[in-house]
């Protein structure tokens, strides 16, 4: 199971965070429990006719440091009022100032589906996501590699949608092989933290050319409506964190970002 996997080949900043999460969950119980029904609320929220916004409750990051001391429930309500289709909630404590309570507060505070955004390395993290009320969990191919399919099956067992995240062609091809229904393309190289907004359009086109009919999400680096131009008509959704969380007016920032989409 996840606790027995070798995560030592994950490089850079990402590798350090992953090593911490592996240590955090080394003694955790991997038992998932009984199967839970699939509601697919997160997937459904992203399948509308227009480009959907996944707005992120993000209080800090390795690249930015402290961003804003957000109250998760208040932030989620502001994003909802600004037109967000779903909420992403960081639960990693050391680098993103996240925790379980942030996710619970968001789930209790809005009707929108919530994504547990963390560095999943153990089945217990998926069980927690379901127990805390999340509709979906993030699975990073850059972390899980060939175990991505195993973790996807575990998420499905728990009734969770999974946002399977990729950054390059090799990771995309692996994600496609798993049968993922939702694939996110991260413009940020998590080993260096460098952002390239050309990554999402390129890999989203590749996914469609290979026959992928699921949901495609463009992630990271979007600050203005112009930034989103490259994925309009290609992606089903964009996931935006830092620029919204640090805006000072979350409702207006969310609405303005998606203006004209």
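The values are calculated or read from the model by the stated rules, or taken from the named source; none is laboratory data. Note that the coordinates shown come from a computational prediction; the quantities given were computed from them, not determined experimentally. Using ideal geometry, Cβ is built from the backbone for each residue, glycine included, and neighbour counts are taken over all protein chains shown.
Observations on the model:
- Some residue of the range 152-159 being at pLDDT 95 or above, under 25 Å from residue 64 (Cα atoms) and touching a helix residue (DSSP H, G or I) at 6+ places or on another chain (Cβ under 9 Å): no
- If you go through the range 194-212 and keep only what is out of contact with any strand residue (DSSP E or B) (no Cβ under 9 Å at 6 or more places or on another chain) and at pLDDT 95 or above, you end up with 205, 206, 209, 210, 211.
- Being surrounded by 19 or more Cβ atoms within 10 Å (Cβ to Cβ) and either under 23 Å from residue 135 (Cβ atoms) or at pLDDT 95 or above (or both) holds for only one residue in 39, 55, 44, 60, and it is 55.
- Taken residue by residue, the range 17-25 has at least one member that is in a loop (DSSP other than H, G, I, E, B), under 29 Å from residue 192 (Cα atoms) and modelled with pLDDT of 95 or more.
- Yes/no for residue 120 being assigned to a helix (DSSP H, G or I) and closer than 30 Å to residue 27 by Cα: no
- Qualifying residue in the range 235-250 (condition: within 20 Å of the chain's Cα centre (by Cα), more than 20 Å from residue 78 (Cβ to Cβ) and either surrounded by fewer than 17 Cβ atoms within 10 Å (Cβ to Cβ) or at pLDDT 90 or above (or both)): yes
- Listed conditions (1) farther than 22 Å from residue 112 by Cα; (2) in a helix (DSSP H, G or I) are all met by residue 197, apart from (2).
- Scope the range 131-172; condition touching a residue at least 60 places away in the same chain (Cβ under 8 Å), touching a strand residue (DSSP E or B) at 6+ places or on another chain (Cβ under 8 Å) and in a helix (DSSP H, G or I); matching residues: 142, 151, 156
- For the range 234-250, the set of residues classified as touching a strand residue (DSSP E or B) at 6+ places or on another chain (Cβ under 9 Å) and farther than 15 Å from residue 218 by Cα consists of 244, 245, 250, listed by residue number.
- Candidates in the range 159-179 are the residues that are under 18 Å from residue 125 (Cβ atoms) and surrounded by 24 or more Cβ atoms within 10 Å (Cβ to Cβ); of these, the one that is farthest from the chain's Cα centre (by Cα) is 160.
- Some residue of the range 208-215 being more than 30 Å from residue 32 (Cα to Cα) and assigned to a helix (DSSP H, G or I): yes
- Number of positions in the range 98-111 that are in a loop (DSSP other than H, G, I, E, B) and surrounded by 20 or more Cβ atoms within 10 Å (Cβ to Cβ): 2
- Filtered by the rule that a residue be in contact with a strand residue (DSSP E or B) (Cβ under 7 Å, 6 or more places away or on another chain) and in a loop (DSSP other than H, G, I, E, B), the range 173-193 gives 180, 181, 187.
- Residues satisfying the stated conditions in the range 44-90, i.e. part of a loop (DSSP other than H, G, I, E, B), without any contact (Cβ under 8 Å) to a residue 40 or more places away in the chain and within 18 Å of the chain's Cα centre (by Cα): none
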